[in-house]
Amino acid sequence: PTSLVTYRKSKVSSPIPLPGLKSKTCNSSSPEWTFNSTLSNLIRKNILRFLDAERDISILKSTFKPGDVIHYIFDRQSTTNISENLYQLLPTVSPMKNQHYKQCAIVGNSGILLNSSCGREIDSHDFVIRCNLAPVEEYSADVGLRTSLVTMNPSVVQRAFQDLNSEEWVQRFVHRLQSLSGSVLWIPAFMAKGGEERVEWVIRLILLHTVNVRTAFPSLRLLHAVRGYWLTNHVQIKRPTTGLLMYTMATRFCDEIHLYGFWPFAHDPDGKPVKYHYYDTLTYHYTSRASPHTMPLEFRTLSALHRQGALRLHTGPCK
Ligand code: CTP
């Protein structure tokens with residue numbers, strides 16, 4: 001049977017896997033959920049043995065210079081360079097330095113958010129993390145508007161903004177960037193080859209339009225460290241999803257973590273169809289062997305942590 005993470009309070013240093021946790025879905029709106037701060041602190045402490053999100057959230061100007069060669073994390077034989085423009089956008093100090101928040105929301109992109117009326121609740125958190133530049137304005141009642149940190153895989157430029165192939169798409173993209181004023185834009189630029197041109201376009205637009213975002217480019221060790229943490233806890237993920245990466249990092253700077261829009265299933269608990277993304281027509285691909293992710297396993301893991309009070313997974317409508 002698949003083992004899932006659990007922790008015993010008595011063993012601070014080594015989390016103990018508990019085999020056979022059922023994949024029973026949690027009732028996210030159940031009133032009996034209480035925050036388990038002891039467990040949450042323990043998880044933070046254990047994750048810190050693998051990574052420090054304050055540091056690993058971004059490489060810094062002081063460690064690189066223009067022209068430096070970087071090996072892609074997943075395509076080790078392929079390399080890219082730190083361009084002059086990218087160098088300009090490297091932070092001088094970590095964008096999360098000395099940041100600490102009581103309640104954070106991490107918003108995944110599942111269609112389970114549609115008709116949830118969770119927008120206001122999501123926005124009420126002290127820090128709101130979103131994934132892959134997902135649109136908010138048209139869906140604000142269900143997903144909220146606030147963004148403290150948003151991720152952007154280079155592929156988003158192609159998938160959601162037509163590879164900026166017309167002036168209209170460029171304008172839409174710039175508008176989206178401008179709406180992020182003050183937030184952290186987290187770009188995993190060195191994960192897989194193929195995105196360097198898109199990263200460069202984005203960087204140029206940010207510089208050209210003096211967009212007020214704080215850019216961050218994850219450290220080269222982050223992904224392996226996150227994977228290492230979960231594998232050590234017997235969660236056999238292939239490649240952590242953006243959502244799991246964000247949860248793992250958020251434990252560093254958030255007390256209570258609330259997850260919304262995590263539902264990698266084609267149907268809701270009542271059997272009604274659920275879109276893969278709340279905002280587009282992409283279909284489910286995670287079940288295919290080719291998918292780099294193991295989303296249902298991640299979901300079961302997060303559900304187990306929800307039941308133990310380490311985080312709260314919201315999968316139903318909000319009040
Ligand atoms: N997610 C989910 N259920 C879905 C869709 C997304 O739980 N039906 C979560 C996943 O953790 C995912 C995150 O929401 O990483 C953001 O969604 P998305 O932008 O779709 O990420 P992906 O493009 O699927 O994957 P990647 O992690 O590679 O960026």
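The values are calculated or read from the model by the stated rules, or taken from the named source; none is laboratory data. Predicted, not measured: the structure shown is a model, and the values here were computed from it. Every residue, glycine as well, gets a Cβ built from its backbone with ideal geometry; the counts of neighbours run over all protein chains shown. Quick note on the areas: whole protein, heavy atoms, side chains included, nothing else; ligands and nucleic acids left out. Shrake-Rupley method; radii C 1.70, N 1.55, O 1.52, S 1.80 Å.
Every residue in region 62-91 that is in contact (Cβ under 8 Å) with a residue 40 or more places away in the chain and of a type in the set (S, T, N, Q), please.
Across region 62-91, the qualifying residues are Ser78, Thr80, Ser83, Asn85, Gln88.
Of all residues in region 92-110 being open to solvent by less than 10 Å² (accessible area, probe 1.4 Å) and not in a loop (DSSP other than H, G, I, E, B), which is farthest from Arg252 (Cα to Cα)?
Val107
Pick from Thr215, Thr301, Thr241, Thr232: which is away from the ligand (no atom under 13 Å from the Cβ) and open to solvent by less than 20 Å² (accessible area, probe 1.4 Å)?
The conditions single out Thr215.
What is the number of the single condition among (1) surrounded by 16 or more Cβ atoms within 10 Å (Cβ to Cβ); (2) more than 14 Å from the ligand (Cβ to nearest atom); (3) at pLDDT 95 or above; (4) not polar (S, T, N, Q) that Met246 does not meet?
(2)
Restricting to region 130-156, what's the tally of residues that are part of a helix (DSSP H, G or I) and more than 13 Å from the ligand (Cβ to nearest atom)?
Residues in region 130-156 being part of a helix (DSSP H, G or I) and more than 13 Å from the ligand (Cβ to nearest atom): 6 in total.
Name the pairs whose Cβ atoms lie under 6 Å apart, with the first residue in region 232-249 and farther than 19 Å from Asn109 by Cα, the second within 8 Å of the ligand (Cβ to nearest atom) and of a type outside the set (A, V, I, L, M, F, W, C), and 6 or more positions between them or separate chains?
So the pair list comes out as Lys238/Pro292.
Would you say Ser183 is under 30 Å from Gln77 (Cβ atoms) and away from the ligand (no atom under 16 Å from the Cβ)?
Criteria not met by Ser183.
Out of Val174, Val170, report the one residue that is away from the ligand (no atom under 16 Å from the Cβ), in contact with a Leu (Cβ under 8 Å, 6 or more places away or on another chain) and open to solvent by 10 Å² or more (accessible area, probe 1.4 Å).
Being away from the ligand (no atom under 16 Å from the Cβ), in contact with a Leu (Cβ under 8 Å, 6 or more places away or on another chain) and open to solvent by 10 Å² or more (accessible area, probe 1.4 Å) holds for just one of Val174, Val170, which is Val170.
If you check every pair at least six apart or on different chains, which have Cβ atoms under 8 Å apart with a residue in region 153-165 that is open to solvent by 40 Å² or more (accessible area, probe 1.4 Å) first and a residue that is among the acidic types (Asp, Glu) and not in a helix (DSSP H, G or I) second?
Taking only residues 6 or more apart or on different chains, the pairs are Arg159/Asp280; Ala160/Asp280.
Check off (1) open to solvent by 30 Å² or more (accessible area, probe 1.4 Å); (2) among the hydrophobic types (A, V, I, L, M, F, W, C); (3) at pLDDT 95 or above for Phe127 and give me the number that stays unchecked.
Among (1) open to solvent by 30 Å² or more (accessible area, probe 1.4 Å); (2) among the hydrophobic types (A, V, I, L, M, F, W, C); (3) at pLDDT 95 or above, Phe127 violates only (1).
Evaluate region 273-293: report whether one residue or more is β-branched (Val, Ile, Thr), open to solvent by 20 Å² or more (accessible area, probe 1.4 Å), touching a helix residue (DSSP H, G or I) at 6+ places or on another chain (Cβ under 9 Å) and at pLDDT below 95.
The answer is yes, given that some residue of region 273-293 is β-branched (Val, Ile, Thr), open to solvent by 20 Å² or more (accessible area, probe 1.4 Å), touching a helix residue (DSSP H, G or I) at 6+ places or on another chain (Cβ under 9 Å) and at pLDDT below 95.
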